[in-house]
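Chemist: A single structure is presented below for examination.
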Amino acid sequence: MRPPALWPVVLLMFLAGGLRVWHSLDMAASPLFAEPHMDGLYHLEWARAVAGGEPFPVDLSDGTPVPFFRAPLYPWLLGLVLRLSGENLLIPRLLQALLGALTTGLTWWVGRKAFGHRTGLLAAALAATHWVLIAFDGELLIPTLLVPLLLLAIGLTLDLGAQRSGAPVPRGRALGAGLAWGLAALARPNALLFVPFLLGWLLVTKGRRARAAVLALAFGTLLPILPITAINAARGDQVIVSSQAGVNLWIGNHPDSDGSTAWVPGTRGDWWGGYADAITQAQEAEGRPLLSSEVSRHYAARAWRAICADPGRALSHTLWKLRLFWMDWELGNNLELRFFVERFTTATRLLPLAFSILAPLGLLGLILGARRELFPLWGFVPVYCLSVVAFFVCARFRVPVLPPLMILAAHGVFALIDYARAGARLRLVACLAFVLAGALGASRVPFSSAASRANGLWMLGIAEARAGDTHAAQSLLAESIDLWPDSPLARRSHGITLLALGRLAEAESELGVALRLDPTDFETLDALTGIHIKKGRWNLAQELAQRSSNLRPDLPRAHYNLGRCALEAGQIENSLAAFERALAVEPAHFNAAFARARVLDTVDEGEAALAAWEQVLELGLQAASDALLLEAAAEYRRALLESGRAGELQALLRDLEPRLGNTAEYARWRANRNP
């Protein structure tokens, strides 16, 4: 038989790459393109550390390397790109467009292996043009690498089931398939959950002839993973790949979980704040410092206790997450995908294929094509689905199932065509009814799209604020509130933006609404405390700062504000204690160190005050603005002179010169080193 012509596949791969390049060029207009947030920012920070030859992640308290919280393969690849190409973030996205083209080719390859050339071509066309795959190939997120690795693993594993009856399963192919599954696990570890099913499938279908292949598949899977396990062991802990599983299990199964929001209750909303707070919560609950694996086990145990305490609620919640997984909406805890695509890109506006069509066609193809030898393809869909539903559901977790569904959907389409040609009306009607029912079910989204648009506007507003365009941020956040008035997050962000614009009365009103919507939001409490301090309402400021401190004893700013209030009330000892508590939580808190030094000066502590000013200067040299550094240097200089240590001024001037050598104040000090 003549091999199929490959030129249509090549054209589809060029189309896939072109659409992805077009999308990325369009998305460059978004402020999140150059300054991603949440997971994209985390991956970028990791990649920058890799490019600079620095360890990542590190302990937040002492900077020592710790085991991987997240699988390292994608950030390592991104770091290599940054090292070779610099900080232009368009370049990795253009390379990811090539990965998208490869995904298209691999989709054809797997589809052809399973169902033939025509099915592979249709599936490849869907992969090339599907807006969700295009959008994710433009983000600094894991799916762009995970998807082709999974397709490669599925395709190589299909070869193991295709061996003729009685023939031994080739160990070399099994080893290659295992390597692909192991690499996929280094992108996202839940890929490992499918491997035991594959080992069982081989033993059941091939019997004793497959024993060597089973061992080769298992060994191949472990081969890429073992070096990562060794790195984690060298960093002081027993973690196979990453330590995030327990936290994610708690996120998706705690009593207040909505099944999709990636948030640990009681933690800050930013990535690093939430990460640090989750560790602190676990350590406080256990009453001791914890290793990364122990933090994971702590949250896993909490999740299982919650499930066992109310199994009825847990079952209902799992069914809810199952519905979210098969619903025609891209749940974005990193990015409101539909909002940003519709707002910034033209590349995907003529690509209307909806998940509500793809899903039922894919499930139809699964039912019709569920042959034993094809288990690596169709079996992946339910197993992977359950591996996501066990934790929490979001768009970036669902993406890897799309290409297998496309292959199965293409098989379903051609089955319908074949039934129509053969006059099999009963089968045709039954299949069409199945697809129609599935489409109607998937298209029923249990929430308003306005909430998603409001969240997208909030994300865009935060990005504009970070980029320094406070006026644009305020306008976007106000628009977000118009769509979703009861969002405490949008209200708080809008209030803080108004505060930055100097619109104090409006900011206070907005933050007041945010606090009524969420009385436990310590960031809102902190912002309102600052307003009361500015307006001299010290009693109200102290009340809010105390509430914030009670909610989060590990927040340094709450202690700092309490110290300011106590100082205003003349409670010197209380203020000093509060500033020291702030420094105990965050030793680099410049404002707390500055205030503490001034208090020690007030009570005439002599050497203690001088040592405190020296600490302030050290912190200022690391992080403070030039204006604050000048103020700290002036106080330290005064303290040196008053203590009769004028001889140390030369060393002080030498330390300050790199930062303040061009200032008039520094020049005056150089000209007159003594009083």
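Chemist: From the residues in segment 337-367 that are charged (D, E, K, R) and modelled with pLDDT of 85 or more, which one is surrounded by the fewest Cβ atoms within 10 Å (Cβ to Cβ)?
Modeler: E342
Chemist: Can you pull out the residues in segment 72-103 that are within 18 Å of E35 (Cβ to Cβ) and among the charged types (D, E, K, R)?
Modeler: Within segment 72-103, E87, R93 meet the criteria.
Chemist: Next question. Of the residues E523, E510, which is among the acidic types (D, E) and under 24 Å from the mean Cα position of the chain (by Cα)?
Modeler: None of the others qualify; the one that does is E523.
Chemist: Can you work out which of the residues in segment 56-76 that are over 25 Å from T129 (Cβ atoms) and assigned to a helix (DSSP H, G or I) is nearest to the chain's Cα centre (by Cα)?
Modeler: Only one residue fits best here, namely P75.
Chemist: With closer than 26 Å to A541 by Cβ, touching a helix residue (DSSP H, G or I) at 6+ places or on another chain (Cβ under 8 Å) and surrounded by 16 or more Cβ atoms within 10 Å (Cβ to Cβ) as the only criterion, which of A582, A588 stands out?
Modeler: A582
Chemist: I'm trying to understand the selection: among the residues of segment 98-146, which are farther than 30 Å from L80 by Cβ and free of Cβ contacts under 8 Å to residues at least 60 places away in the same chain?
Modeler: Answer for segment 98-146, where residues must be farther than 30 Å from L80 by Cβ and free of Cβ contacts under 8 Å to residues at least 60 places away in the same chain: K113, G116.
Chemist: Let me ask something else. When you scan segment 83-110, how many residues do you find that are in a helix (DSSP H, G or I) and in contact with a Lys or Arg (Cβ under 9 Å, 6 or more places away or on another chain)?
Modeler: Total satisfying the criteria: 8.
Chemist: Six or more apart or on different chains, Cβ under 9 Å: which pairs go from a residue in segment 166-185 that's in the same structural domain as T144 (by TED's automatic domain parsing) and of a type in the set (V, I, T) to one that's surrounded by fewer than 23 Cβ atoms within 10 Å (Cβ to Cβ) and not in a helix (DSSP H, G or I)? Could you list them?
Modeler: V169/Q163
Chemist: Filter segment 42-55 down to residues that are assigned to a helix (DSSP H, G or I) and of a type outside the set (A, V, I, L, M) and give me whichever is nearest to W272 (Cα to Cα).
Modeler: My answer is Y42.
Chemist: Taking segment 111-140, which residues are within 20 Å of A153 (Cα to Cα), assigned to a helix (DSSP H, G or I) and not aliphatic (A, V, I, L, M)?
Modeler: Residues satisfying the conditions are G111, R112, K113, F115, H117, T119, G120.
Chemist: I've got another one for you. Could you say which residue among V399, V383 is farther than 22 Å from S316 by Cα and in a helix (DSSP H, G or I)?
Modeler: From the options V399, V383, the qualifying one is V399.
Chemist: Given the conditions (1) without any contact (Cβ under 8 Å) to a residue 60 or more places away in the chain; (2) assigned by TED's automatic domain parsing to the domain that holds R112; (3) not acidic (D, E), and given that A478 satisfies all but one, which numbered condition is not satisfied?
Modeler: Unmet for A478, out of (1) without any contact (Cβ under 8 Å) to a residue 60 or more places away in the chain; (2) assigned by TED's automatic domain parsing to the domain that holds R112; (3) not acidic (D, E): (2).
Chemist: Considering V295, V264, which residue is touching a Gly at 6+ places or on another chain (Cβ under 8 Å) and at pLDDT 90 or above?
Modeler: So the residue among V295, V264 that is touching a Gly at 6+ places or on another chain (Cβ under 8 Å) and at pLDDT 90 or above is V295.
Chemist: Inside segment 302-346, can you point out the residues that are over 24 Å from P400 (Cβ atoms), touching a Phe, Trp or Tyr at 6+ places or on another chain (Cβ under 9 Å) and of a type outside the set (S, T, N, Q)?
Modeler: R302, A306, F344
Chemist: Does L315 satisfy the criteria of being surrounded by fewer than 22 Cβ atoms within 10 Å (Cβ to Cβ), in contact (Cβ under 8 Å) with a residue 40 or more places away in the chain, in a helix (DSSP H, G or I) and of a type outside the set (G, A, S)?
Modeler: So L315 fails the test.
Conditions (1) under 25 Å from A578 (Cβ atoms); (2) among the acidic types (D, E); (3) not in a helix (DSSP H, G or I), marked per residue:
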{"residue": "A450", "(1), (2), (3)": "no, no, no"}
{"residue": "A473", "(1), (2), (3)": "no, no, no"}
{"residue": "E479", "(1), (2), (3)": "no, yes, no"}
{"residue": "L515", "(1), (2), (3)": "yes, no, no"}
{"residue": "E543", "(1), (2), (3)": "yes, yes, no"}
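Chemist: Within the group L203, L179, L217, L175, which residue is part of a helix (DSSP H, G or I), aliphatic (A, V, I, L, M) and within 27 Å of R396 (Cα to Cα)?
Modeler: L179
Chemist: If a residue must be among the polar types (S, T, N, Q) and assigned to a helix (DSSP H, G or I), how many such residues does segment 225-262 contain?
Modeler: 4
Chemist: I'm told F522 meets every condition in (1) aromatic (F, W, Y); (2) under 27 Å from W263 (Cβ atoms); (3) in contact with an Asp or Glu (Cβ under 8 Å, 6 or more places away or on another chain) except one. Can you identify the failing condition by its number?
Modeler: Of everything listed in (1) aromatic (F, W, Y); (2) under 27 Å from W263 (Cβ atoms); (3) in contact with an Asp or Glu (Cβ under 8 Å, 6 or more places away or on another chain), F522 misses just condition (3).
The values are calculated or read from the model by the stated rules, or taken from the named source; none is laboratory data. Predicted, not measured: the structure shown is a model, and the values here were computed from it. Heads up, the Cβs are rebuilt from the backbone with ideal geometry, glycines too, and the neighbour counts pull from every protein chain shown.
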